Structures are given as structure tokens and as C-alpha cells.
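What follows is a short report on a single structure.
Bear in mind these aren't lab numbers, they're just calculated from the coordinates by the rules spelled out. The structure presented is a predicted model; accordingly, all values stated were derived computationally and were not measured. Please note: Cβ atoms are built from the backbone with ideal geometry, for glycine as well, and neighbour counts cover all protein chains shown.
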Amino acid sequence: MIKTGSMGETDESCVKECVRAGSRFVFVSNDGKHIFKLKDQESAGKFAGRKVKVLGDLCAYGKELDKMKIAPVESVPPAMPASTK
């Protein structure tokens with residue numbers, strides 16, 4: 001709904017408006033091919049519409065994350081480069 005501005009003009013405002021209207025927070029992979037429900041909705045709300053790294057337990061049926069740790073991408077340290085020796 002960002003294109004029309006009816007649910008907010010930014011990713012964050014759009015997500016928050018959708019949640020206010022009854023939707024739940026989810027995690028969408030970078031490629032957009034995977035969507036996971038998040039058990040901890042309160043923690044997820046702090047990162048609405050932002051790129052994040054999520055660590056957690058994938059429930060047995062594979063579509064919901066539990067016991068999550070969420071960090072904004074900009075605060076995640078980059079991976080160590082492979083040794084060139």
C-alpha cells in the first residue's frame with residue numbers, strides 16, 4: 001500500500017498501519033521467497049519495516065520463528081572475510 005500512500009508512505013508506517021488493522025508482523029527473506037510468522041510480536045514491532053537479522057528456532061512445521069533475537073542489519077557486524085593464505 002506504500003504506492004498509494006493509503007497505509008503509510010514509508011515501509012515502517014505501512015507495516016505499523018497494517019498491524020493496527022489486524023495483520024501480524026512477519027519476517028520476509030531478502031529475496032522475498034520466504035515468509036515466516038513471528039511468535040514474539042512485541043519484539044518484532046520495534047523493527048517494523050526495517051532490514052534485520054533474525055536468529056531463532058524454526059517451529060517443526062517450518063513457517064514460524066520462536067525464541068528470536070532480532071538486530072537491525074546496520075548493527076550486525078560484517079562476516080569475517082575468508083583467509084586468502
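Given labels modelled 7 Å from the Cα in the Cβ direction, how far is it in nm from Tyr61 to His34?
1.9 nm
Counting other beta carbons within 10 Å of each Cβ, put Lys16, Lys67 in order, fewest first. Can you show the working numbers first?
Details: Lys16 18, Lys67 9.
Starting with the residue having the fewest Cβ neighbours, the order is Lys67, Lys16.
Any chance you could run the full-extension gain for Glu12 through Glu74? It's 0.36 nm times the residue separation minus the Cα-Cα distance, nm to one decimal.
Working: separation 62, 0.36 × 62 = 22.32 nm, distance 1.59 nm.
The span from Glu12 to Glu74 would gain 20.7 nm if fully extended.
Please list 3J(HN,Hα) in residue order for the range 23-28, calculated via the Karplus relation 6.51 cos²θ - 1.76 cosθ + 1.60 where θ = phi - 60°; whole Hz, with x for glycine and proline.
6, 10, 5, 9, 10, 10
Give the whole-number value, in cubic angstrom per residue, of the convex hull volume spanned by the C-alpha atoms of the range 11-72.
Values: hull volume 5.2 nm³, N = 62.
Hull volume over Cα atoms, normalised by residue count, gives 83 Å³.
Can you list the aspartates and glutamates whose alpha carbon sits under 17 Å from that of Lys37, skipping same-chain ones fewer than 8 residues off?
Straight-line reach from Lys37, under 17 Å: Asp57, Glu64, Asp66.
Among Val52, Val15, Val28, rank each residue by its count of other Cβ atoms within 10 Å, from fewest to most, as a rough exposure measure.
Working: Val52 19, Val15 22, Val28 10.
If I rank by nearby Cβ atoms, fewest first, I get Val28, Val52, Val15.
Listing Glu17, Glu42 from the residue with the fewest other Cβ atoms within 10 Å to the one with the most, what is the order?
Values: Glu17 15, Glu42 8.
In increasing order of surrounding Cβ atoms, one gets Glu42, Glu17.
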